[in-house]
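Heads up, the thing below is written out as structure tokens.
The values are calculated or read from the model by the stated rules, or taken from the named source; none is laboratory data. Note that the structure is predicted; figures quoted are calculated from it, not measured. When we count neighbours, we look across all protein chains shown, and the Cβ atoms used for this are built from the backbone with ideal geometry, even at glycine. Protein only, heavy atoms only, side chains kept; ligands, DNA and RNA dropped before computing areas. Shrake-Rupley method; radii C 1.70, N 1.55, O 1.52, S 1.80 Å.
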Amino acid sequence: MAQPHLSGLGAILMLHSVTATPRKGLGLNDHLSVTPDFLDRAISDMKRSGFAFVSLDEMVEHLDAGHRAKVAAITLDDAYLDNLTEALPIFEQHDAPFAIYVAPGLIDGSVQPWWEVVEQLALMRDEVAMPSPLDDSVCATSSPVEKLATARHLLGLLATRVSETARQAVLDEMGGREVSTSPFMTWDDIAAVTRHRLGKIGAHTIQHHNLARLDEERALIEMRGSADVITEKTGIRPRHFAYPYGHQQAVGAREIMLAKEAGFVSAVTTRHGTLHPEHRDHLHALPRISLNGRYQDIGHLRTMLTGITTFANSRRRVVTL
């Protein structure tokens, strides 16, 4: 009943890692990984229900034209290596275009995926020293309950009380470089995606920083600079952008203005929502539907695509900011 009124023109799907063998953890990052089997079933089900899978360029054209056909675009954040080794065969099987948003700092290793580092530190140690500038204490992590509590505490500290530019130094102080994290694609891998008939590369800042926590000049450098590095490495300038984290504390009116100034054709958030004709006027604040690792259920996806969950979450049919 809700679908004709709320589903809109289609959706942009959001993924991160796609693997049949996710890393062992404490469950804090389970939402960031889905299996290739679920991805296959999700695309198959959407195709059966009438969705056509298109590239981001085609999605923008679709919004501009106001076509009523149901379309979907697939996006993956951070350029995990499994996007190439485990997800790409699924995209090829379904002839489904995809876009991978790349943060060069994660590729060259100048920054680590801190959300994984924190979880792994708590998992592998019997005690964890809190960063000295923030919390001069040592937390026991000998039991599963203690490990989970410590990891959550650290995630909160690093997200809110450590500056974006200082976070990696704090991780280094804690021994974060000793932690093995999920592998990311290499620049050769990324260049190969630009040559693939289905693939596109988008920008995702240089250091995967929360732009809202940076001053305007630094935020613009992160956005424009990520496109510059990708252009230098691949020979193709990215036209599309994804805001790291993408939630209300990471993307506001200023960040949208900067995405336009940086020259991107579109920019996606992590705000939950389907696409509607009105989004033609908000191409730098596009919502997405997350394929969440904790809810790998086709019924759940079908419900989200009706738009009813968008309205239930926000009391709005059209989500931008």
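For this structure, a couple of remarks:
- Gly225 meets each of the listed conditions (1) part of a loop (DSSP other than H, G, I, E, B); (2) more than 30 Å from Glu127 (Cα to Cα) apart from (1).
- The criterion of being without any contact (Cβ under 8 Å) to a residue 24 or more places away in the chain and open to solvent by less than 70 Å² (accessible area, probe 1.4 Å) does not hold for Gly307.
- Filter result (more than 16 Å from Lys200 (Cα to Cα), in contact with a Gly (Cβ under 8 Å, 6 or more places away or on another chain) and either crowded, with 23+ Cβ neighbours inside 10 Å or at pLDDT below 95 (or both)) within region 40-65: His62
- Every condition in (1) on the phi < 0 side of the Ramachandran plot; (2) without any contact (Cβ under 8 Å) to a residue 12 or more places away in the chain holds for Arg315 except the one numbered (1).
- When Thr160, Thr85 are checked against the criterion of being out of contact with any helix residue (DSSP H, G or I) (no Cβ under 8 Å at 6 or more places or on another chain), under 30 Å from Lys47 (Cα atoms) and free of Cβ contacts under 8 Å to residues at least 40 places away in the same chain, Thr85 stands alone in meeting it.
- Only one entry of Val251, Val319 meets the criterion of being open to solvent by less than 20 Å² (accessible area, probe 1.4 Å), of a type in the set (A, V, I, L, M), within 20 Å of the chain's Cα centre (by Cα) and farther than 29 Å from Val193 by Cα, and that entry is Val319.
- Selection count, region 76-104, where residues are within 15 Å of the chain's Cα centre (by Cα) and surrounded by fewer than 22 Cβ atoms within 10 Å (Cβ to Cβ): 1
- Only residues that are over 18 Å from the mean Cα position of the chain (by Cα) and of a type in the set (A, V, I, L, M, F, W, C) were counted across region 266-303, and they come to 1.
- Hits in region 254-281 - residues which are assigned to a strand (DSSP E or B) and open to solvent by 30 Å² or more (accessible area, probe 1.4 Å): Thr270, His272
- Some residue of region 224-235 being polar (S, T, N, Q), modelled with pLDDT of 95 or more and open to solvent by 10 Å² or more (accessible area, probe 1.4 Å): yes
- Odd one out for Arg68, checked against (1) modelled with pLDDT under 95; (2) buried (at least 21 other Cβ atoms within 10 Å of the Cβ): (2)
- Elements of the type helices (runs of 4 or more DSSP H) sitting completely within region 105-211 and holding at least 1 residues that are in contact with a strand residue (DSSP E or B) (Cβ under 8 Å, 6 or more places away or on another chain) and open to solvent by 10 Å² or more (accessible area, probe 1.4 Å): these cover 144-160, 187-195.
- Annotation note: Cβ proximity below 9 Å between a residue of region 282-303 that is open to solvent by 10 Å² or more (accessible area, probe 1.4 Å) and a residue that is part of a loop (DSSP other than H, G, I, E, B) and of a type in the set (Ser, Thr, Tyr) (sequence gap 6+ or interchain) occurs for His282/Thr320; Gly293/Thr35; Gln296/Thr35; Arg302/Ser49.
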